[in-house]
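Trainee: This is the structure, below, for whatever I ask next.
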Amino acid sequence: MRRIRKLNQTAKRVPNAFHLVGSENENLPRRKSRSCKFVRAAQYVSCDLGIVMRSSILRSAALLLSLPAWVFADNSVVNLSHYDMMRPDFVAMKSEGILGVIHEATYPRFEVDSKYLERQQAAKRAGLLWGAYHYANASDPIRQADHFLSVVSNAWAQANPATRSPGVLLVLDFEKNGHYPGGTMRVDQAIAFIQRIHERTGKYPGIYSGEYHLNRTLTSSRLGVPQTRALGSCWLWLANYSNQPRATSPWSAWDMWQYCGDGLCKLPRSAYPKSIANVIKAERNIFRGSRSALESFWQEHSWNPGEKSREPERTLAAEL
């Protein structure tokens, strides 16, 4: 009986939402709507489910649209370099949800990451997607791009053919250079680098940078339409260890977010883990999309070094 009284009160507060059909309401006109039987009270409540369900659906849709994109994103990418001294357990990484690894391949001055080849082979054996990045400086961008592609290609040639697909995701690490020789790469040099990569591979690389550094650098640069178009053709990977980053023009959104670097992260540990497998201070990344979307993204943007590419040609000056 308490339940029925509660329903009666609800019916008074919300017109047309509910009406009772029974001994007390026999003279009321019956409406064409579904009825819900309350067994204990032996009465029937006719519910205007159409109105209620439509309202519920609209509220749910509004809630989903109001949520930030990263809520539906996938935390499944790790990046590594020779500074990570342990032997990464890639099998354990995969079991914990990691889908792809992006590893430093080259850095100033024309050095090769000593861990790149070994870890590429181990990661591919574990069934992980593979990517490579070049840490840039302010020297000749064309020579840097050619050196980077040479190292990636040579390492790929030594990989097991059964594990090579879908190729290597290429990235330019465009950040403030404070510990390698050669200074910090300028925006015009970065554009020359990515154009060279596209010329040689047919793929535009991703651009990795700290949110603050990228915004400040692009804001202070005067770029023409071709340069802006070249930058916008690259996918964007931003680092911010305190908040979700916001992309700057010419990008409308980031594709990947590094929220944790060397274990440094000011975000809640429960939602943003700092470690993975046996890597305690990890560099972890969120992809803007689902796991299946990440796999498609990786395949679309990766370069297969086995494909025929143009030979290096000097098309730009060493210092632009």
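The values are calculated or read from the model by the stated rules, or taken from the named source; none is laboratory data. Note that the structure is a prediction, hence the values are computed from the model and not measured. Positions of Cβ are backbone-derived with ideal geometry, glycine not excepted, and every protein chain shown enters the neighbour counts. In case anyone asks, the SASA skips ligands and DNA or RNA and just uses the protein heavy atoms, side chains included. Shrake-Rupley method; radii C 1.70, N 1.55, O 1.52, S 1.80 Å.
Trainee: Tell me which of these SER292 doesn't satisfy, since it passes every other one: (1) in a helix (DSSP H, G or I); (2) in contact with a Gly (Cβ under 9 Å, 6 or more places away or on another chain); (3) open to solvent by 50 Å² or more (accessible area, probe 1.4 Å).
Mentor: It is condition (2) that SER292 fails.
Trainee: Which ones in segment 206-222 are free of Cβ contacts under 8 Å to residues at least 60 places away in the same chain and not small (Gly, Ala, Ser)?
Mentor: ILE207, GLU211, TYR212, HIS213, LEU214, ASN215, ARG216, THR217, LEU218, THR219, ARG222, listed by residue number.
Trainee: Looking only at residues in segment 147-206 that are of a type in the set (Lys, Arg) and open to solvent by less than 50 Å² (accessible area, probe 1.4 Å), which one is farthest from GLU295 (Cα to Cα)?
Mentor: For segment 147-206, the residue satisfying everything is ARG196.
Trainee: Criterion first (at pLDDT 95 or above, assigned to a helix (DSSP H, G or I) and under 28 Å from GLN244 (Cα atoms)) does LYS94 satisfy it?
Mentor: Considered against the rule, which asks whether it is at pLDDT 95 or above, assigned to a helix (DSSP H, G or I) and under 28 Å from GLN244 (Cα atoms), LYS94 comes out as yes.
Trainee: Which ones in segment 234-251 are in contact with a helix residue (DSSP H, G or I) (Cβ under 9 Å, 6 or more places away or on another chain) and open to solvent by 50 Å² or more (accessible area, probe 1.4 Å)?
Mentor: ASN243, GLN244, ARG246, SER249
Trainee: Among ALA271, ALA247, ALA239, ALA253, which is the only one that is under 14 Å from the mean Cα position of the chain (by Cα) and modelled with pLDDT under 95?
Mentor: One residue alone meets the criteria, ALA247.
Trainee: Against the definition (open to solvent by 60 Å² or more (accessible area, probe 1.4 Å), under 19 Å from PHE174 (Cα atoms), modelled with pLDDT of 50 or more and not in a strand (DSSP E or B)), how does ARG109 come out, yes or no?
Mentor: So ARG109 fits the description; yes.
Trainee: If VAL77 passes every condition in (1) modelled with pLDDT of 95 or more; (2) over 15 Å from LEU169 (Cα atoms) but one, which one does it miss?
Mentor: (2)
Trainee: Another one. Among what's in segment 254-276 and is within 30 Å of SER233 (Cα to Cα) and charged (D, E, K, R), pick the residue that is most open to solvent (accessible area, probe 1.4 Å).
Mentor: ASP262
Trainee: Going through segment 81-100 one residue at a time, which ones are polar (S, T, N, Q) and within 26 Å of GLU111 (Cβ to Cβ)?
Mentor: SER81, the sole residue that qualifies.
Trainee: Same structure, new question: Which residue out of THR217, THR228 is open to solvent by 40 Å² or more (accessible area, probe 1.4 Å), β-branched (Val, Ile, Thr) and within 21 Å of THR184 (Cα to Cα)?
Mentor: Just a single option satisfies the conditions, and that option is THR228.
Trainee: Just checking, which of TYR133, TYR180, TYR208 is among the hydroxyl-bearing types (Ser, Thr, Tyr) and either assigned to a helix (DSSP H, G or I) or at pLDDT below 95 (or both)?
Mentor: After ruling out the rest, the residue left standing is TYR180.
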